[in-house]
Amino acid sequence: MQCAFGPPAAIVVTSVLLGVLLGGVLPTCLYLYVEPRGRLSWGVAGDTRVTRRAPITVRFTAWLSFAVGQLALPWLLLPVACAVLLYVQAKLGVGRSVGSVATVMVGAMAVMQSLLAFRLLPLGIRLLVRDAQMVPRLARVARRNALANGLLLGLGLAVGWAMASAPRLVHPWLSFVLSWAAFRPVIAYAGAMLLHALMLGRCEAILAEDRQTHG
């Protein structure tokens, strides 16, 4: 039943590609503004204006911080949409227990993701300007974000699979809306934040080694 409601693959692929392109505009512009201004902090003896810049892992992690962090506030619209869905379910009399629980769950997951992503924008800036006070905190932030987003990713996949495997437990239209407008975006966002957490852990090792080398 759920497959019958699914949009054509071409529309899905086009929408994803368009979303990626549009979502990369702001972080790229912010990166191009901040990165040249932070190069002096990465200067070492014997370097040049070309080589004086952060390692590529740090630069990519900073850009990813901007890309993920830009959604922190807009992502709060997802819990609002879930609240509207709960209201519609009650009005239409299709509010089955499993569907209501899934709606509340995805709203709570979105709130948690928004809270985790809220500090990533300033974190990316501090990475590019080589803020020494940030280094001791990177490992803790990386572990916390990796654990939280790993759990959210697994939970999202499990609930999405459960809805697809037992369509009678959730009304077809609600299953379609939750799947395409809520669970899939939450899963994709969790995957991006998990990647960022892993890259952040690598940055912590690079910065710690660099501090020991150059003091």
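The values are calculated or read from the model by the stated rules, or taken from the named source; none is laboratory data. None of the values given here were measured: they were computed from a predicted structure. Positions of Cβ are generated from backbone atoms using ideal geometry, with glycine treated the same way; all protein chains shown enter the neighbour counts.
Here are the numbers:
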quantity: The stretch 160-177, subset buried (at least 16 other Cβ atoms within 10 Å of the Cβ) and touching a Lys or Arg at 6+ places or on another chain (Cβ under 9 Å), residue nearest to VAL98 (Cα to Cα); calculated: VAL170
quantity: Condition check for LEU157: loosely packed, with under 13 Cβ neighbours inside 10 Å and either free of Cβ contacts under 8 Å to residues at least 24 places away in the same chain or within 18 Å of the chain's Cα centre (by Cα) (or both); calculated: no
quantity: In the stretch 1-48, residue modelled with the lowest pLDDT [restricted to those that are small (Gly, Ala, Ser) and loosely packed, with under 10 Cβ neighbours inside 10 Å]; calculated: ALA4
quantity: Odd one out for ALA190 among (1) crowded, with 18+ Cβ neighbours inside 10 Å; (2) in contact with a Phe, Trp or Tyr (Cβ under 9 Å, 6 or more places away or on another chain); calculated: (2)
quantity: Near pairs, Cβ below 9 angstrom, 6+ apart or cross-chain, from the stretch 129-151 (at positive phi) to any residue that is part of a helix (DSSP H, G or I); calculated: ARG130/GLY38; ARG130/SER41; ARG130/TRP42; ARG130/VAL58; ARG130/LEU207; ARG130/ASP210
quantity: Hits in the stretch 63-90 - residues which are under 16 Å from VAL186 (Cβ atoms), in a helix (DSSP H, G or I) and not small (Gly, Ala, Ser); calculated: VAL68, PRO74, TRP75, LEU76, LEU77, LEU78, PRO79, VAL80, CYS82, LEU85
quantity: Identity of the residue in the stretch 160-189, under 26 Å from LEU64 (Cβ atoms) and touching a helix residue (DSSP H, G or I) at 6+ places or on another chain (Cβ under 6 Å), that ends up modelled with the lowest pLDDT; calculated: GLY160
quantity: Pick from the stretch 91-106, criterion among the β-branched types (Val, Ile, Thr) and in a helix (DSSP H, G or I), ranking: farthest from PRO74 (Cα to Cα); calculated: VAL98
quantity: Residue count, the stretch 162-182 (criterion: within 19 Å of LEU86 (Cβ to Cβ) and assigned to a helix (DSSP H, G or I)); calculated: 14
quantity: Test: residue in the stretch 132-152 that is among the β-branched types (Val, Ile, Thr) and buried (at least 19 other Cβ atoms within 10 Å of the Cβ); calculated: no
quantity: Candidate set: the stretch 97-129, residues that are over 23 Å from the mean Cα position of the chain (by Cα) and surrounded by 15 or more Cβ atoms within 10 Å (Cβ to Cβ); chosen: the one modelled with the highest pLDDT; calculated: SER100
quantity: Residue that is farthest from ARG53 (Cα to Cα) [pool: residues in the stretch 107-148 that are part of a helix (DSSP H, G or I) and basic (Lys, Arg)]; calculated: ARG144
